[in-house]
Each structure stands twice: as structure tokens, then as C-alpha cells.
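The structure under discussion appears below in the form of C-alpha cells.
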Amino acid sequence: MIEGLLPDLEVVRKDFPILTRTTPGGGPLVYLDSANTSQKPQVVIDTMVDHLERHNANVARAMHMLGAEATEAFEGARDKVASFLGAPSRDEIVFTKNASEALNLVATTLGLKGDLQVGEGDLVVTTEMEHHSNIVPWQMLCERTGAELAWFTFDEQGYLDLSDMDRLITERTKVVTLTWVSNMLGTVNPIGEIARRAHEVGAVVVVDASQAAPQLPIDLAAMPAEERPDALVFTGHKVVGPTGIGVLWGSRALLEALPPFLGGGEMIETVRMTGSTYAGIPYKFEAGTPPIVEAVGLGAAVDYLSALGMEAVHAHEQAITGYALEGLASVKGLKVLGPLDVTRRGGAVSFEIEGVHPHDVMTVLDTRGVAVRAGHHCARPAHEKYGVQSSTRASSYLYTTPAEIDALVDAVEYTRSYFRLDN
Amino acid sequence: MSSELDALYQEIILDHYKNPHHQGLRDPFEAEVHHVNPTCGDELTLRVHLEDGAVADVSYDAVGCSISQASTSVLADLLIGKSVEEALGVHQTFLELMQSKGTIEPDEEVLEDAIAFAGVSKFPARVKCALLAWMAWKDATAQSLGTLPEPATTTSTQEG
């Protein structure tokens, strides 16, 4: 028995109907692509169906019985998400369509006229291990404003090189944006330490928690104020929720200082042909009919995670990841790209096998029912660093069993023999 | 399950992967294109040299999976020396085979070694790997013939 696994793992797995799927050959499906998207428990599926079957109406605008129910469900989801993050206030939770939109919201509005406007000569700082969605919006901001993009690099083990801190975080630095947990390397970054330094120079700190929210307990209100980011984003579908819904948490001070992102219904106070005034937060950033049933599903998802307990989910992730690292280390010619210290990393394990391209690894694994991702995982710059174009990534989650890791390692060994690497 | 894999990874494919033919970028050439497959990171720079209505040379620098690498090698073998018209015909036949989802019996007279890719058409995720070089070649050939405005040199199908 591996220490740290969820105590009722077999019971938990029964919550996820898709895990009973089999391959065309009748073998079990081993889903190790949860960093890409997680599977959904029955309660999320049922909550969404129930909402559509019994409570569907538009929110806020519809004043009738169903409208009131739909609004209650939607705003209830905001409360659940606020509690999941330990947000100081529910008004600081903005629903978006995904994490990318949340990052674009911040990056775009920081380029608009306002107290925080980024301009020519300012510095925007990110890292070399970001997902493309935390690189490209900032490149676009810099192109539009004449600001300069700079970045932290990382070392051979996959840890950020913080010796560059003094060069990167200066009086010129207006934004520091980074991922909490890398989707490719798995590295857990010291966001508190970086936020503290960034705040000393008055920079806005943005944290991409797309991979952190599924795995780490988050309590924003409990963080020391100097170490608390100003904005944090994640996406619904990686935390056992549906696609089409993302979250931007922003401190009240930040959200109030930023101008609106999209204009339209529900984000206004009064509209006159000569000009409009805007709603308060969070509605100022929620133009148009929002993804209602998706938000309701996300509410059920974060409740599901909270009921399991994020400490327990985290312990499971670490136990399974440790077991996976051990198993993969036994494979000849296999190199893990990222930290090997399980206490400093998350559950996404990217690796390369000398002599077989990741795409071919993926196909062989797939024929054995093992679903992994092959490619650059939307982190091409991080791959370049290792001098590779792509890698194979296995990513576990709260429903992953040690037997599934064994199946992965067996399938990788089989790949080596299929491509006759030892001949 | 290995018979399913064997249908994909024919010996011919693995041979071309380990020992690619006509590799390297050469002069002279009329058009050079760079095509990428962003979902997996395969990248290909390919040059075409046409002379007297024929494909005089196809040279390339490629990184990627076994299917994309072997496909590039087979393409060069097959098309060099053919008239442009014939080569475009082979291109069309290969394209149809790849889009057939395993329903077409490949014509060995036309496709020679490229019939080995018939199995790839049953793996939807891998069809793009097999087609990367063929799309690049067609693009470069169109540019050489002056039927496409330059510089339309980089294409991609999907961003991840």
C-alpha cells in the first residue's frame, strides 16, 4: 500500500462513469491525460442536467420564478468558487469562458487607459515555463503598448532561476505573471516569494492556477497580503467541472482599477446614446449572457473536491506521482523533463525516450488503452530549453490508481521493445 | 493489438524512418516552404527544384515522428524524376488514400513504397503526420510554378 492515496479510491472511482469504458479490445481504459482535461463525476453531470431540465432561464434579467432559480444557482456557483479559493470576497470572482480568456481579460485591460495602464518602456515579466496562454496575451499587450517582455528562465532540473530577480523586478516592472504549477514540467513555483518582491516595486502579480487549482489547497485570504497575487485564474474543466467556464479571481483593488473588457448587456449601470456608466464588480467584466449551466456545473465540481478535501487530493497526487516517477525511472533511456522531487512538483510528468518520437509513443500506448498526450503541450519554449520539440506527458488525478501507473510503465517498456531499441 | 500497430508501422516505414532518402537542403531550388504540425511539433523545411516541366529535386530538413519522417523520405523517392503533372497525380492519389479511413485498396503501380501508409489512414490522429510533407511539396511546387503569391511559406492547421 502506498501512503497518501485516497482512502476510498475504489469508491471515488465509481463516481466517474467514464472510467468504466473499455478499449475496442475489451481492456480497461487507463486515462492519464488529466492535465489536459479531467474526467467528470456523476454529481457534476446530474447537476447540469437537472439545471437544464428544471431551472433553465436567463440570469439576472429574468424576473419570473425560473429566472430567480437560475440566478440563485448561478450566483450560488460564484459563492462555491469563492469558498474553494478562500477568496476574501465573492464579488472578486469573475466568470469567463476559460483560463485563457481570464488571462486575456487582464492583459487587455492593463493596456487600456486607466491608473494601471502599461506603457512604453515598462517591463512585463513572465517565465519560460508558461503555457502559451500566459505568454501570447502578454506579447500582444507589449506589441500594443511598447512595453518590453522579459522572463525568468529555468534550470536543468526544471526550477525557476530566481538569481535573475533583481534584473527582472525593478522600478520599471508593471506586471509579473507566472504559473503556480507548470503543465509540462510539473514544477511548483514559489509564487509567494516572487509576489513579495513584485509588490515591493508596485507591480501587479498574476498567477495562472490552471494546474494548481486541481491539485493544491488554495486559501487566498490566509496568504500574507504581500504574498497574495492580485489576480489568479483557473479553468473549470481541469477541476472535474465542464468546459466553457473559467474563473478570474482579482483583488477588489485590481478589479475596480481595471477598465471593462467586453461591452454589452449586464455589465452596465445606465446606457445613454451619449455614453454609459458601468456596473460594479464582478458584473463589470461579465458582458452578455454568461455560461450559466457551466457555472452551475463548476459549482458542483468544486463542492465535490471540497468534500473529498483538497489536502487529501494533494496527498493522493503526490503519492501517485512519486510512484510514477519511480516506475518510469526503471525504464532504460527514459528521461523525465522536470523536477524529480515529488514535494516540489505536481502530477504532470513529461518524458522522452531516446530513439522513439513522442507521437509514436502515444500511438503505441493508445493501442494498449493508455491515454497520454504527445506534443509540446502548449509550452513550446519550455521544450526548446531541453533541445527537444515535444515530449510524452502522463498526468494523473484523484482517480488514478497504482495499477494504472503499472500499466503505463508496462506500455512504455512494450514501446521500447516494439521499436527494437535494444537490438 | 500488435497487429493493429503492425498495420501502422510497416517495415517500409520504419526503414525510411531510420534511413531517410534525399535528406538535406540542396541548391538549386525555386521555392522553399516551412510547414509545421503544431499539435505534435513536427517541423519541415522543404525545397523544390523544377526543370523542363519535371521534378528535378526535392530536398528537406525535417524533425518529427516516424510517420512524418518516413512519409517525407518516400515522397522524395517517388516524385523526383517525374513530370510535374504525373507528380501532382501521385499527390492526389496519396491524398485520397489518406482520407479513406482504410476503405481504399492502394494502387502499388502509382504509389510504390507509399502504399505502406494505407494503415495510417485508420489512425485519424496520425493522418496529418503522413500528409505534412505532401502538403509542403504541393505548396512549394505551386510557388515554383508561380500559381501562388509569395511569401505564403508557413502554414499550420491547429494551435495547441
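Coordinate-derived values only; no laboratory data. What you see is a predicted model, and the numbers here were worked out from it, not measured in a lab. All Cβ positions, even for glycine, are placed from backbone atoms using ideal geometry, and neighbour counts span all protein chains on display.
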So for A:ASP410, A:ASP230, fewest C-beta neighbours within 10 Å to most, what's the order? A:ASP410, A:ASP230
Amide H contacts under 5 Å for A:THR173, placed H, 5+ residues apart: A:LEU123
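Most exposed first by the Cβ proxy, i.e. fewest other Cβ within 10 Å, how do B:LEU132, A:LEU29, A:LEU262 rank? If you can, show how the numbers build up before the last one.
Numbers: B:LEU132 28, A:LEU29 15, A:LEU262 12.
Result, fewest neighbours first: A:LEU262, A:LEU29, B:LEU132.
Averaging over every viewing direction, what projected area does the convex hull of the Cα atoms of chain A cover, in nm²?
In nm², the orientation-averaged hull projection of chain A is 21.8.
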When the scattering of region A:222-331 is computed by the Debye formula from its Cα atoms alone, each counted once and equally, what is log10 I(q)/I(0) at q = 0.17, 0.21, 0.22, 0.24 Å⁻¹? -1.01, -1.19, -1.22, -1.27
Hz values of 3J(HN,Hα) by residue in region B:8-24 - Karplus curve (6.51, -1.76, 1.60), Gly and Pro given as x: 7, 8, 5, 3, 4, 5, 5, 5, 5, 4, 6, 10, x, 8, 6, 5, x
Below 8 Å between Cα atoms, with a sequence gap of 6+, how large is the relative contact order for chain B in percent? 30
Alpha-carbon Debye profile of region B:2-145, log10 I(q)/I(0) at 0.12, 0.16, 0.21 Å⁻¹: -0.43, -0.77, -1.34
Quick one: how many lysine pairs in region A:46-306 have C-alpha atoms under 22 angstrom apart, if they're 8 or more apart or on different chains? 7
Between A:ASP410 and B:GLU85, what FRET efficiency comes out of the Förster formula 1/(1 + (r/R0)^6) with R0 = 45 Å and r the beta carbon distance, rounded to 0.05? 0.35
Considering the options A:ALA221, A:VAL356, A:ALA319, tell which one lies farthest towards the positive end of the dipole of the protein assembly as shown, charges being +1 on Lys and Arg and -1 on Asp and Glu at the Cβ, about the Cα centre. A:ALA221
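Averaged across the residues of A:354-364, what count of C-beta atoms belonging to other chains lies within 10 Å of each residue's C-beta? Walk me through the numbers on the way to the answer.
Details: counts 0, 1, 2, 12, 4, 13, 11, 1, 4, 12, 5.
Mean partner shielding for this stretch: 6.
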Given 0.36 nm per residue, what is the gain on full extension from A:ALA253 to A:ASP166 after removing their alpha carbon distance, in nm? 28.7 nm
Averaging sequence separations of C-alpha pairs under 8 Å and six or more residues apart, then dividing by the length of chain A, give the relative contact order as a whole percent. 22
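Give me the dipole magnitude in Debye, nearest 20, for region A:295-370 about the Cα centre, with unit charges on the beta carbon: positive for Lys and Arg, negative for Asp and Glu.
About 120 debye.
Counting other beta carbons within 10 Å of each residue's own, what order do A:MET184, A:MET362 fall into, fewest first?
The order, fewest Cβ neighbours first, is A:MET362, A:MET184.
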Using Cα springs under 10 Å in a Gaussian network model of chain B, which residue among B:LYS122, B:LYS18, B:LYS101 shows the largest mean-square fluctuation? B:LYS18
